[in-house]
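**Q** Below you'll find the structure I mean.
The values are calculated or read from the model by the stated rules, or taken from the named source; none is laboratory data. As the structure is a computational prediction, the values presented were derived from the model and not from experiment. Ideal geometry is used to build each Cβ from the backbone, glycine not excepted, and the neighbour counts take in all protein chains shown. Only protein heavy atoms, including side chains, enter the accessible area calculation; ligands, DNA and RNA are left aside. Shrake-Rupley method; radii C 1.70, N 1.55, O 1.52, S 1.80 Å.
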Amino acid sequence: PAPWGDLLPEGAAPAVEAPVTIRVPQTTIVVGQGGLSLTTREELEESPLIVEPAASSNTAQEALEGSRQETKLLPLETVLTGLWLGGVLALLLWRLGGSWTFARKVRRWSREPREETAVLCAGIREEMGIERKIPLAVCAAVDSPMAVGLFRPRLLLPAEDYGERELGFILRHELTHIRRRDLWYKLLLLAAACLHWFNPLVWLLRRQGETDLELTCDDAVAAGLSGGDRRAYGEALLTDLGQRRGLAS
């Protein structure tokens, strides 16, 4: 909805012919002893006597001039641009507010993991070639393992009641997200959805894009596993999916 045509170079604009100007003699209403008369500017300059209108006539003349003023209407482009920018701003504020609330909840309900869990995470991180230290916390405010944070990423676990093998798969999956910078891709998808908030196809694109990020992350994790570990990793994914969706099998 933005007026992108105004950004084009001057040479790209089509040539428009100059408008035709028609000069019309200015007509004035003169109040005299003989009543009202219509007089042109030339006649006023040649007339020896002009009777000034009374105060009441001044009021009538001002009302007449006010009624002749053109009504100013906002262009459709301006209305659409304002509506679009308002939607973008409202959606961004809503997302920022949700992120701020979630960050506060995470800080409140997080605790340090057990030592063996921290050692396991550090070993997998070094094995994957991630040099920076990734903080790990157990947070009761989340319902599934996740990686959060763009500039200072960290891992969150809802609990520690996983088996050692299953916990290793979970940590490897989330560390793969961090190594591939998937959180930045999710931010790009969110920015596209905010800019095109009126287009449902972009929201479907964002949803499918986030699903693809998860699937390709699983492919990257499984690529470095043996046959038995791949099967165990797939079973761990199905178990986690069943617990989150309430599936019996």
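**Q** Going by the structure shown, is residue 175 surrounded by 12 or more Cβ atoms within 10 Å (Cβ to Cβ), modelled with pLDDT of 95 or more and more than 30 Å from residue 229 (Cα to Cα)?
**A** For residue 175, the condition - surrounded by 12 or more Cβ atoms within 10 Å (Cβ to Cβ), modelled with pLDDT of 95 or more and more than 30 Å from residue 229 (Cα to Cα) - is not met.
**Q** What is the residue count in region 178-189 for residues that are over 25 Å from residue 136 (Cβ atoms) and crowded, with 16+ Cβ neighbours inside 10 Å?
**A** Residues flagged as over 25 Å from residue 136 (Cβ atoms) and crowded, with 16+ Cβ neighbours inside 10 Å within region 178-189 amount to 1.
**Q** What number of residues within region 149-163 are touching a residue at least 40 places away in the same chain (Cβ under 8 Å) and either among the basic types (Lys, Arg) or surrounded by 19 or more Cβ atoms within 10 Å (Cβ to Cβ) (or both)?
**A** 2
**Q** Next question. I need every pair where a residue in region 112-132 that is over 12 Å from residue 164 (Cα atoms) and open to solvent by less than 40 Å² (accessible area, probe 1.4 Å) has its Cβ under 9 Å from the Cβ of a residue that is basic (Lys, Arg) and in a helix (DSSP H, G or I), sequence separation at least 6 or different chains.
**A** Sorted first by the residue in region 112-132, then by its partner, the pairs are 124/172; 128/172; 128/179; 130/179.
**Q** OK, next. From the list 166, 210, which residue is touching a residue at least 60 places away in the same chain (Cβ under 8 Å), open to solvent by 40 Å² or more (accessible area, probe 1.4 Å) and within 25 Å of residue 109 (Cβ to Cβ)?
**A** Just a single option satisfies the conditions, and that option is 166.
**Q** Also, I was wondering about something else. Take the conditions small (Gly, Ala, Ser), in a strand (DSSP E or B), surrounded by 11 or more Cβ atoms within 10 Å (Cβ to Cβ) and without any contact (Cβ under 8 Å) to a residue 60 or more places away in the chain and apply them to residue 137. Does it pass?
**A** yes
**Q** Shifting gears a bit: Of all residues in region 86-111 being part of a helix (DSSP H, G or I) and touching a strand residue (DSSP E or B) at 6+ places or on another chain (Cβ under 6 Å), which is most open to solvent (accessible area, probe 1.4 Å)?
**A** Within region 86-111, the match that is most open to solvent (accessible area, probe 1.4 Å) is 109.
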